Amino acid sequence: MYRPEQFVDAILSLCSGLQPRIDFDVTNDGDGPVISGWYRTDVAQPTQAQIEAVDTDALQDPATVLPQDLMAQFTAADAAKIQAAIAGNVSFWLLWQAFTTQRDPMVVSNDRFKQGWAGLVSILGQARMNAIASALGVSALSG
């Protein structure tokens, strides 16, 4: 059964790896939620009919991490390593900027999260990121 309150979840089930408010915007037009902006040219925008055909009851809540919870796990030594890495790598800097401005929960299975996690593994090491994953209550991701 489709539930309009799970409109974003329905979109994400059709187009995995997207980030709401980054890759698309949603608004309520008075008759229910609709896509009000689509910013990905490499991913086809689903139609309203496709979205409403999703059985949102069958969707499982994905594992998420709040950005502030991840930030709270970093030690001063971690921060020094991260600063050194982003100072010398524009891609890391851009990823770090996106992360530090993130306000919504990060979906652990999302491609962007996995990319960021892999970057942190390369900076801090797999053992340190395993410890952080454990503290956050998520399965450790390999880098």
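Consider the range 43-70. How many of its residues are within 30 Å of Leu120 (Cα to Cα) and modelled with pLDDT under 95?
Residues meeting the conditions: 12.
Of everything in the range 69-90, what is assigned to a helix (DSSP H, G or I) and either charged (D, E, K, R) or closer than 18 Å to Ala131 by Cβ (or both)? Give them in sequence order.
Once the filter is applied, which keeps residues that are assigned to a helix (DSSP H, G or I) and either charged (D, E, K, R) or closer than 18 Å to Ala131 by Cβ (or both), the range 69-90 yields Asp69, Leu70, Met71, Ala72, Gln73, Ala76, Ala77, Asp78, Ala79, Ala80, Lys81, Ile82.
Exactly one of (1) within 19 Å of the chain's Cα centre (by Cα); (2) without any contact (Cβ under 8 Å) to a residue 40 or more places away in the chain is unmet by Ser36. Its number?
Exception for Ser36: condition (1).
So in the range 125-140, with the set limited to residues that are touching a Ser or Thr at 6+ places or on another chain (Cβ under 8 Å) and open to solvent by 30 Å² or more (accessible area, probe 1.4 Å), which one is modelled with the highest pLDDT?
Among them, the one singled out is Gln126.
Given the condition in a loop (DSSP other than H, G, I, E, B) and touching a Lys or Arg at 6+ places or on another chain (Cβ under 9 Å), answer yes or no: does some residue in the range 91-106 qualify?
So far as the range 91-106 goes, yes, one or more of its residues are in a loop (DSSP other than H, G, I, E, B) and touching a Lys or Arg at 6+ places or on another chain (Cβ under 9 Å).
Give the range 39-63 a look and list any residue that's closer than 20 Å to Ser109 by Cβ, part of a helix (DSSP H, G or I) and touching a residue at least 40 places away in the same chain (Cβ under 8 Å), or say none.
Result: Ile51, Thr56, Asp57.
Since Asp31 meets every condition but one in (1) farther than 26 Å from Val65 by Cβ; (2) open to solvent by less than 70 Å² (accessible area, probe 1.4 Å), which condition does it not meet?
Of the numbered conditions (1) farther than 26 Å from Val65 by Cβ; (2) open to solvent by less than 70 Å² (accessible area, probe 1.4 Å), the odd one out for Asp31 is (2).
Out of everything in the range 87-118 that is among the β-branched types (Val, Ile, Thr) and touching a Leu at 6+ places or on another chain (Cβ under 8 Å), what residue ends up being surrounded by the fewest Cβ atoms within 10 Å (Cβ to Cβ)?
Across the range 87-118, the extreme among qualifying residues is Val108.
The values are calculated or read from the model by the stated rules, or taken from the named source; none is laboratory data. Keep in mind the model is a prediction, meaning the values are calculated, not measured. Reconstructed Cβ throughout: ideal geometry from the backbone, glycine too, with neighbour counts over all protein chains shown. All accessible areas refer to the heavy atoms of the entire protein, side chains included, with ligands and DNA or RNA removed. Shrake-Rupley method; radii C 1.70, N 1.55, O 1.52, S 1.80 Å.
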